């Protein structure tokens with residue numbers, strides 16, 4: 001909590017952009033849950049960490065619009081017919097809309113598209129590895145609370161659908177704690 005206070009003081013001392021537009025850095029960490037793997041495989045809850053640099057291109061009293069890029073790491077342990085670790089590295093870009101309520105509470109929604117690199121390191125009767133790059137889309141929603149003009153803390157939900165060959169889709173659900181620092 002002390003770090004967030006220091007961040008607020010440091011960034012508040014800088015000259016603010018007149019209309020609230022400008023760059024930001026969003027990070028989040030939380031639990032990930034995967035659906036859509038072949039039968040016989042069970043996926044344990046895992047961890048998702050994301051880094052999202054972006055730029056708010058429009059901001060007024062009602063809403064704000066941002067362009068952003070996202071990457072990070074998703075890790076889940078797999079068991080059943082094969083045991084191992086599934087890693088995903090998304091590379092996505094898209095839009096986010098935040099709704100200004102006139103209070104410290106700011107709900108948001110967003111959509112992104114791009115791809116995901118997936119690596120499944122497993123063991124059944126032999127040790128194997130399956131890596132692929134596939135297309136992906138993601139939707140997100142959540143609520144953030146303004147700590148000051150340049151820092152926000154909140155919770156969010158993301159659903160990423162990847163489309164590797166041999167699958168209809170691989171769904172990754174994530175519930176995360178998010179922190180945004182505006183420059």
On Cα atoms only, tilt of 2-13 relative to the major axis of the chain in degrees: 50 degrees
Given (i) 111; (ii) 138; (iii) 146, the label whose value is volume of the Cα convex hull per residue in Å³ derived from this model: (i)
Gaussian network model of the chain, springs between alpha carbon atoms under 10 Å - residue of 149, 119, 130 with greatest fluctuation: 130
Calculated [θ] (222 nm, deg cm²/dmol) that DSSP helices of n ≥ 4 give over the chain, each run adding -39,500 (n - 2.57): -2000 deg cm²/dmol
Likely footprinting exposure, 21, 96, fewest C-beta neighbours within 10 Å first: 21, 96
Label-point separation, residue 168 to residue 44 (7 Å along Cα→Cβ), nm: 2.8 nm
Over the chain, relative contact order from alpha-carbon pairs under 8 Å, at least 6 apart, %: 22 percent
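Read the figures in this text as sums done on the coordinates, not as results from a lab. What you see is a predicted model; the values in this text were computed from it and never measured. Reconstructed Cβ throughout: ideal geometry from the backbone, glycine too, with neighbour counts over all protein chains shown.
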